[in-house]
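Visitor: Can you read through this structure? Questions will come right after.
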Amino acid sequence: MRTLAAAAVAGLTTALLTAPGVSGAVPAETPNHTGRVHITDARLGSDRVTATIHWDRGSLRRHTSDDGLAVWVGALSRSGRATTIVAVRQQGALTRHGTSEVSLRIPQRVRKTVARAPQILISATQTVVPHGGASGSRVGVAVESLRGPAPSGRNCSTVRTARGSQSRGCAFYGAQLTGVDLSGTDLRLAHLAGARLRQSSLVGADLRHAIAPDLASFETDLTATVANGADLRGLRTKQTTLNDIRLNGANLSRAALRTSVLSGAQIRGASLTRATWNRLTATQTDFSRAGLRRLDASRVDLTGVTLAQADLRQATFRRALLADANLLDARLARVTWTDTILSGATWIDGRVCDTPSIDRCAP
C-alpha cells in the first residue's frame, strides 16, 4: 500500500491509502467519457471510518496538478448544521482511474459529537482541471450515510462545470472544491453543508434556496451569485469577492465574513443574527429590513449602505465607517459605537448627521 495523502488531526496521522498502481477496477457501468466517483463498503467504527473510493478521471487526457481527490466525514445535527469530523485531500494529477482504500482515525476531541449525532455522512470529491485553468473542469461528489437516513439531494457523482450546467438539488456535503469553475452553474436547492470552496469561481451561479450551513469560502469569486432564500448559517469567508451578490431573505446567522468585499449586494430581509464582520468592505449594499441583532463589526467600510428598518439591537461597531448610510427607522437599542464615523448618514428619525459625526449623529 502507498500513501496518497496524509493529514495530522489532533496529533494523530490520518491517511488516504491506495493499492499500488491503479489496482481495483472501476465497475463496468462507470462512463469513462465523463468521469465519476463513488463510495463502497463505508463503515463507521468506534474510532475509525473505513471506505473504498472508486474514481474515473474520464477521457480528459491533459490535466494539471490542481486535480484532487478529497474525503470528508461529518456529523449533521437535527437542524442540519454540519460538524467536520475529519477531512483529507490528495492534490496532484490523478491516474486515469483507480480505487483508494480509506482509513480515517476519528480524533478524540470529536468522539462525543460522533456518539450523539443523529446522522454521519462520508463524501468523496474528485476534481479534474484541464490545462489552461479551471474553465471546463469537472467535479464529482459521492455521498453515503454512515449513520442515520440517506443523504438528501440527488447523486451527482459527475458534474461538468460548464456555464449553465444543471446541478440542481445535488448532494455536495463536505465537498472540497479547490480551483474549479462553477460559474453560471444551476445549484438551486443543492445540499452543500460543510463544503469548502478554495480559489474557485461561482460567478453568476444560481444558489437560490441552497441548503449550505457551515459553508466556507477562501479566495473564491462569488460575484453576481444569486442565493436568495439560501440557508447559509455559519458561513465563513476570507478573501472572498461577493460583489453584486443577491442574498435576499437568506439565513446568514453566525456568519463570519472576514477580509472580503461585498459591495453593491442585495441582502434585504436576511437574517444575520450574531454575525461577525472583520475588515469587510460592503459599500452601497442594501441591508434594509435585515436582522442584525448582536452583529460584531470591526474595521468595516459600510459607506452608503442601506440599513433602513434593519434590526441592529445590541450590535457593536468598532472603527467602522458608516458615512452616508441610510438608518431610517432602524432599531438601534443598546448599540455600541466605538470610533465609528456617521457623517452624512440618514438617522432613524430622518435627519442627516452633520460632519463630523463620530459615535453619535451630530445635529
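Visitor: Does the stretch 229-363 come out rounded, prolate or oblate, given a ≥ b ≥ c as the square roots of the eigenvalues of its C-alpha gyration tensor, rounded meaning a/c under 1.5 and, failing that, prolate meaning a/b above b/c? Intermediate values should be presented prior to the final figure.
Guide: On the way: a/c = 1.65, a/b = 1.50, b/c = 1.09.
Since a/c reaches 1.5 and a/b is larger than b/c, the shape of the stretch 229-363 is classed as prolate.
Visitor: Between Arg334 and Thr99, what is the spin-label point distance in nm, taking each point 7 Å from the Cα along the Cα→C-beta axis?
Guide: 6.0 nm
Visitor: Taking the simple approach of a point 7 Å from Cα along Cα-to-Cβ for both Arg198 and Asp41, what is their distance in nm?
Guide: That separation, rounded to one decimal, is 2.8 nm.
Visitor: Assuming R0 = 41 Å, what is the FRET efficiency of Thr83 and Gln284, from their Cβ-Cβ distance, to the nearest 0.05?
Guide: Numbers: r = 36 Å, r/R0 = 0.88.
Taking R0 as 41 Å, the efficiency between Thr83 and Gln284 is 0.70.
Visitor: Could you work out how far apart the two model spin labels at Arg111 and Ile358 are, taking each label as a point 7 Å from the Cα in the direction of the beta carbon, and quote it in nm?
Guide: Result: 5.5 nm between the two label points.
Visitor: Let me ask something else about it. Please find the FRET efficiency linking Thr52 to Ser152, where r is the Cβ-Cβ separation and R0 is fixed at 25 Å, and quote it to the nearest 0.05.
Guide: Numbers: r = 23 Å, r/R0 = 0.94.
Step by step, r from the Cβ atoms, then E = 0.60.
Visitor: Sort 266-272, 198-204 by packing, meaning the average of other beta carbons within 10 Å per residue, with the highest value first. The partial results should precede the final answer.
Guide: Details: 266-272: 23.7, 198-204: 20.9.
The packing order, highest mean first, is 266-272, 198-204.
Read the figures in this text as sums done on the coordinates, not as results from a lab. Computed from a prediction, not measured in an experiment: that's the story for all the values here. A quick note on method: Cβ atoms are made from the backbone with ideal geometry, for glycine too, and the neighbour counts reach across all protein chains shown.
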